[in-house]
Amino acid sequence: MTDAQPEHKSVLLDEVLAFLELNDQSIVIDATLGLGGHAEAILETFPFVEVIGIDQDAAALDIAGERLSKYDKRFRSFHSNFSEIAQVARDASVDAVDAIIADLGVSSMQLDDVNRGFSFRSDAPLDMRMDPTSGGQTAAELLETLEEEEIANVIYKYGEERKSRRIAKWIVERREKGEPIQTTAELAALVQRAVGRGPKDKIHPATRTFQALRIAVNDELGILNKFITDSVDLLKPKGTFCVITFHSLEDRIVKQAFQKLAGKCFCPPRIPRCVCGAEKRVEILTRKPVAPTEAEMNANPRSRSAKLRVCRKLAQ
């Protein structure tokens, strides 16, 4: 087991457990298994429940598998992206489940692994793929192939970075000189020069750009709506769906998807009938997202931006 595991802190753990209503026959899917913190807590709290874990990071699966091996047949894991939850359920010979949890975003292990290129705190190849075996484009390759306007749009849309055009311009200028951005340190230095840093700034100037590229490389937002719909399809009546997000773009998608599944229509007012697909299939249990306590934020600073939204599938 790696040294990283004891330091791993699962976010909003008690809050997730409080929403789960499980019995001895229940099956739970942890759609973003990570190092297995949420899965372990569920297996400990509900002694007869079975947990199916999904993760696209093979290294995380190995660590979680060792950590949870003591639960024997009550735990199974699958190397896959959470967007493939329906296929994973078929592979596991499961028709419906009692609860699904998802802790979105990059894990502590991935941030701390210098070689993965998620963080600007250490110099490393600019990779950012959640699944390094996927064969998909790395962040460095993305910056080498996109046009200047496309880079700017990615950084603005996914990072909400106001100086995205300047950053994109400087990235392309380096590329045209035969000096493409290849490492995290190169990108962080360029962004810091482009954005600047005031004495009152609480976050590093490169934070938003790194977030944007990570989202783009892994298509995190593009797959989220499908995942939410497929998850609700997979739940049993009265089944619980818990989603933890870490930035406003994710949270907005989850919020609106839950609202639409709760029957809220998003069509323009003058349209005579609903065409957006709103259908009352769930009850939203969190009127406002649940945030970490001050104690948790002090113990685990990475939890500060976490938000938990929960819905329950209606009885049919």
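The values are calculated or read from the model by the stated rules, or taken from the named source; none is laboratory data. Just so we're clear, the structure is a prediction, and the values are computed from it rather than from any experiment. Positions of Cβ are backbone-derived with ideal geometry, glycine not excepted, and every protein chain shown enters the neighbour counts.
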S164, sole failed condition from (1) of a type outside the set (D, E, K, R); (2) within 26 Å of I253 (Cβ to Cβ); (3) in the same structural domain as D24 (by TED's automatic domain parsing): (3)
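The rows are residues; the columns are (1) within 12 Å of E144 (Cα to Cα); (2) of a type outside the set (V, I, T).
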position	(1), (2)
R175	yes, yes
T183	no, no
A188	no, yes
R197	no, yes
Unmet requirement for A102, which otherwise passes all of (1) touching a strand residue (DSSP E or B) at 6+ places or on another chain (Cβ under 9 Å); (2) part of a helix (DSSP H, G or I); (3) crowded, with 22+ Cβ neighbours inside 10 Å; (4) not aromatic (F, W, Y): (2)
Given the condition buried (at least 16 other Cβ atoms within 10 Å of the Cβ), closer than 16 Å to V11 by Cα and not hydroxyl-bearing (S, T, Y), answer yes or no: does some residue in region 277-289 qualify? yes
Being part of a helix (DSSP H, G or I) and at negative phi narrows I271, I244, I253 down to just I253
Top-ranked residue of region 290-314 - restricted to ones that are without any contact (Cβ under 8 Å) to a residue 60 or more places away in the chain and hydroxyl-bearing (S, T, Y), ranked as surrounded by the fewest Cβ atoms within 10 Å (Cβ to Cβ): T293
Which pairs turn up if I take residues in region 56-85 that are within 25 Å of G135 (Cβ to Cβ) and in contact (Cβ under 8 Å) with a residue 12 or more places away in the chain and look for partners that are part of a helix (DSSP H, G or I) and small (G, A, S) with beta carbon separation below 8 Å, at least 6 apart in sequence or on another chain? A64/A39; S77/A64; S77/G65; H79/A58; I85/S231
Consider S80 carefully, then state whether it is under 17 Å from the mean Cα position of the chain (by Cα) and either at pLDDT 95 or above or in the same structural domain as E44 (by TED's automatic domain parsing) (or both). yes
Return yes or no: is S119 touching a helix residue (DSSP H, G or I) at 6+ places or on another chain (Cβ under 7 Å), outside any loop (DSSP other than H, G, I, E, B), buried (at least 19 other Cβ atoms within 10 Å of the Cβ) and among the small types (G, A, S)? no
